[in-house]
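One structure is given below, represented as structure tokens, and several questions about it will come after.
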């Protein structure tokens, strides 16, 4: 599941440069002017923005590196693979380890800005997600995992470049993204019931494909919000939130690629 904490950019009471939650809003079509006139806005300083972006992607690199390394034993060690088959219920423990600190960080501004509490919760959250990925990858063929990993790398890099250089401002579509997310949740519940009851490969393929597309859109939105200079920009104090959003986007793309490729290659 994905909860990005995005805010509604249409709120009329918020003047340009002011902060609403973790985001800074600029008048539509007037971002450059508002930034040049408002020197109190920390994103007007390119050095602050660059430092913020470096911090976000440094944290993200550590998270992704740890998650990748953590999953290696699940792919190549027989004892670990036997363990996850014998104790499949532990995946729910790993999911809980991810979900609890995730919501604490995303929903509570004081928590994610409080050091070292934010770092501790981020580490716990990452371990939980790495565990979930491990249980999924350990039950699939190594080739499936490799192809999903390769596709995720290609898609992530392509989307990042697109988000940076694309003239279209995806952050101006906040309400659309919120509606899409709500529809995704509703569709997920329906698809989950159908898959459990009928074991339909077609439904699984459709659901996984839609999720890859939607989380790719979320990745574009979050990347543009982090880079700044758009209708919605993430506040420079919110480096933890920025790292969490990109990390969850990428992992969700990877997990849905696993489902997509796995459904395509499994035997009847």
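Inspect the stretch 155-167 for any residue being in contact with a helix residue (DSSP H, G or I) (Cβ under 9 Å, 6 or more places away or on another chain), at negative phi, surrounded by 16 or more Cβ atoms within 10 Å (Cβ to Cβ) and modelled with pLDDT under 85 and give the result as yes or no.
no
Looking at (1) under 29 Å from residue 112 (Cα atoms); (2) at pLDDT below 75, which is the one condition that is false for residue 239?
It is condition (2) that residue 239 fails.
Next question, about the same structure. Within the stretch 34-64, track down each residue that is modelled with pLDDT of 65 or more and farther than 29 Å from residue 126 by Cβ.
Passing the criteria: 45, 46.
Quick test of your reading of the structure: residue 137 fulfils all but one of (1) touching a residue at least 60 places away in the same chain (Cβ under 8 Å); (2) within 16 Å of the chain's Cα centre (by Cα); (3) farther than 20 Å from residue 213 by Cβ. Name the failing condition by number.
Of (1) touching a residue at least 60 places away in the same chain (Cβ under 8 Å); (2) within 16 Å of the chain's Cα centre (by Cα); (3) farther than 20 Å from residue 213 by Cβ, only one is false for residue 137: (2).
So, one more: Tell me whether the stretch 192-211 contains one or more residues that are touching a residue at least 12 places away in the same chain (Cβ under 8 Å), under 15 Å from the mean Cα position of the chain (by Cα) and either crowded, with 23+ Cβ neighbours inside 10 Å or within 21 Å of residue 129 (Cβ to Cβ) (or both).
yes
Does residue 172 count as part of a helix (DSSP H, G or I) and modelled with pLDDT of 90 or more?
no
The conditions are (1) farther than 26 Å from residue 146 by Cβ; (2) over 17 Å from the mean Cα position of the chain (by Cα), and residue 184 fails exactly one of them. Which is it?
Unmet condition: (2).
Being surrounded by 21 or more Cβ atoms within 10 Å (Cβ to Cβ), under 23 Å from residue 99 (Cβ atoms) and out of contact with any strand residue (DSSP E or B) (no Cβ under 7 Å at 6 or more places or on another chain) is true for just one of 187, 181, 170, 221. Which residue is that?
That would be 221, the only listed residue that is surrounded by 21 or more Cβ atoms within 10 Å (Cβ to Cβ), under 23 Å from residue 99 (Cβ atoms) and out of contact with any strand residue (DSSP E or B) (no Cβ under 7 Å at 6 or more places or on another chain).
Same structure, new question: Is it true that some residue in the stretch 235-252 is assigned to a loop (DSSP other than H, G, I, E, B) and either on the phi > 0 side of the Ramachandran plot or free of Cβ contacts under 8 Å to residues at least 24 places away in the same chain (or both)?
Taking every residue of the stretch 235-252 in turn, none turns out to be assigned to a loop (DSSP other than H, G, I, E, B) and either on the phi > 0 side of the Ramachandran plot or free of Cβ contacts under 8 Å to residues at least 24 places away in the same chain (or both).
Then there is this: Can you report the number of residues in the stretch 228-268 which are surrounded by fewer than 23 Cβ atoms within 10 Å (Cβ to Cβ) and touching a strand residue (DSSP E or B) at 6+ places or on another chain (Cβ under 8 Å)?
Selection size over the stretch 228-268: 2.
Only one of (1) at positive phi; (2) in contact with a strand residue (DSSP E or B) (Cβ under 7 Å, 6 or more places away or on another chain) fails for residue 199. Which number is that?
Condition not satisfied by residue 199: (2).
Does residue 24 satisfy being at pLDDT below 85 and either more than 20 Å from residue 119 (Cα to Cα) or assigned to a helix (DSSP H, G or I) (or both)?
yes
The values are calculated or read from the model by the stated rules, or taken from the named source; none is laboratory data. This is a predicted model, so every value here is computed, not measured. Neighbour counts are summed over all protein chains in view; Cβ atoms, including those assigned to glycine, are modelled from backbone coordinates with ideal geometry.
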